[in-house]
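The values are calculated or read from the model by the stated rules, or taken from the named source; none is laboratory data. Note that this is a predicted model, so its numbers are computed, not measured. Here the Cβ positions follow ideal geometry from the backbone for every residue, glycine too, while neighbour counts run over all protein chains shown. For accessibility, only protein heavy atoms count, side chains too; no ligands or nucleic acids. Shrake-Rupley method; radii C 1.70, N 1.55, O 1.52, S 1.80 Å.
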Amino acid sequence: MISIIMPCFNAAVHITRSVASALGQTFHDIELIVVNDGSTDKSLEVLKRIADPRLKIINQLNQGVSAARNRGLKEARGDYIAFLDADDTWHPECLEKLHASLSSHPSAALVYCGWQNLGLSGGQGKPYVPSDYEGPEKIEKLLQACPWPIHAALTRKEKILETGGFDEKLSNSEDYRLWLHIAARNKIVRVPQMLAYYHFHEGPQATKNRAKGARSNWRVKKEFLQKNPGVAKQLDKKILRQCLKGMLLRKGYECYWDRDLAEARQIFRLVMKTGFGSFKDWKYMLPSLLPISVHRNLICVLERKK
């Protein structure tokens, strides 16, 4: 059996679609555990109207997405765990194909697949299949960024429990922390197909706060390396700095060139505290110490001179 865990907080607008995607899988030996995490909208009312014996609804006071997923893990009866957020969906054959792959690799802890971002403008929603991480550069690749979204993987339950589950202090990059600890210690397998859909919409999404996400991502990497000192020793120091501080700086530049200056300034200040960056990088970062109005005016002046 596969246990699907779905945290829900004020997702009444989207949850019917997501539940239908989970219960409509061609792999039928499933249970769907929806943890209603203190929703104040009609999420619970919508869920109670769904008549399917495979659906289990758990109510709790609002404690955050990590606590909701951990509660689902405690209730899960399956040998395999899949996570699906209340506003995302799967291809109908997603679980069938992931399960078949994981079953045929008994030594593997996790199988992952490709995904597609829906709802983004400017042609940003092209299907994406990640690379095969099993190779000599596995740790380096894993340390660069979160390798796949929360719902693009199927994992053996005992491997999740070995990590202690989700860190409930985290509200961002909590899934990256889990994947790092599992994938670095165990064999993982890729299904080179696009089977998961990540839906962007106007409601609150963790991915929209890029500075918070960058900080959380950086801290997750630091914690992982502290708990696994042998991993750090395997990597060249230059590569390690690039994975930690370089990727943080890259996020700052992404915000900067999108003219999301408030977010860029937060990231640049964190990078400067680490002492990382070239002389050219510091020319971009140092104005982050000025009032934001002065910073904006400085950018306008420099752009007029080009």
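Structure values in brief
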| item | result |
| --- | --- |
| Under Karplus coefficients 6.51, -1.76 and 1.60, residue-wise ³J(HN,Hα) of segment 135-143 in Hz, glycine/proline x | x, x, 9, 4, 5, 4, 5, 5, 7 |
| Positive-pole candidate from Ala20, Tyr80, Val46, dipole of segment 9-104, charges at beta carbon | Val46 |
| For the chain, share of DSSP beta bridges that run antiparallel, in % to the nearest 5 | 25 |
| Area projected by the alpha carbon convex hull of segment 173-306, averaged over all directions, nm² | 11.3 |
| Fraction in percent of alpha-carbon pairs per bin - 10 Å, segment 60-106 | 19, 43, 31, 7 |
| As computed over segment 254-306, the Cα convex hull volume per residue (Å³) | 78 |
| Where Val294, Val46 fall by accessible area, highest first, once all protein chains stay in place (1.4 Å) | Val294, Val46 |
| For segment 7-66, the spread of Cα positions along each principal axis, largest first, Å | 32, 21, 16 |
| Using θ = phi - 60° and Karplus 6.51 cos²θ - 1.76 cosθ + 1.60, couplings along segment 170-175 (whole Hz; Gly, Pro as x) | 9, 10, 8, 6, 5, 6 |
| Hz values of 3J(HN,Hα) by residue in segment 263-274 - Karplus curve (6.51, -1.76, 1.60), Gly and Pro given as x | 6, 4, 4, 4, 5, 4, 5, 5, 4, 4, 5, 7 |
| Above-threshold pairs, the threshold being 25 Å between Cα atoms, out of Lys74/Lys126; Lys56/Lys227; Lys42/Lys212; Lys238/Lys283; Lys126/Lys159 | Lys74/Lys126; Lys56/Lys227; Lys42/Lys212; Lys126/Lys159 |
| About the Cα centre, charge dipole magnitude for segment 234-291 (Lys/Arg +1, Asp/Glu -1 at Cβ), debye | 260 |
| Rounded to 10°, Cα long-axis angle of helix 292-305 versus longest principal axis of the chain | 70 |
| Cleavage-rule hits, trypsin sites (Lys or Arg not before Pro), segment 52-123, DSSP coil, Cβ neighbours within 10 Å at most 12 | Arg77 |
| Degrees separating the helix 94-103 axis from the principal Cα axis of the chain, which is the longest one | 90 |
| Most positive-pole-ward Cα, Tyr112, Ser66, Pro136, against dipole of segment 29-183 from beta carbon charges | Ser66 |
| Extent along principal axes [Cα atoms of the chain; Å; largest to smallest] | 65, 45, 35 |
| Most positive-pole-ward Cα, Asn186, Leu95, Phe200, against dipole of segment 74-229 from beta carbon charges | Asn186 |
| Around Lys187: net Lys/Arg minus Asp/Glu count, Cβ-Cβ under 12 Å | +3 |
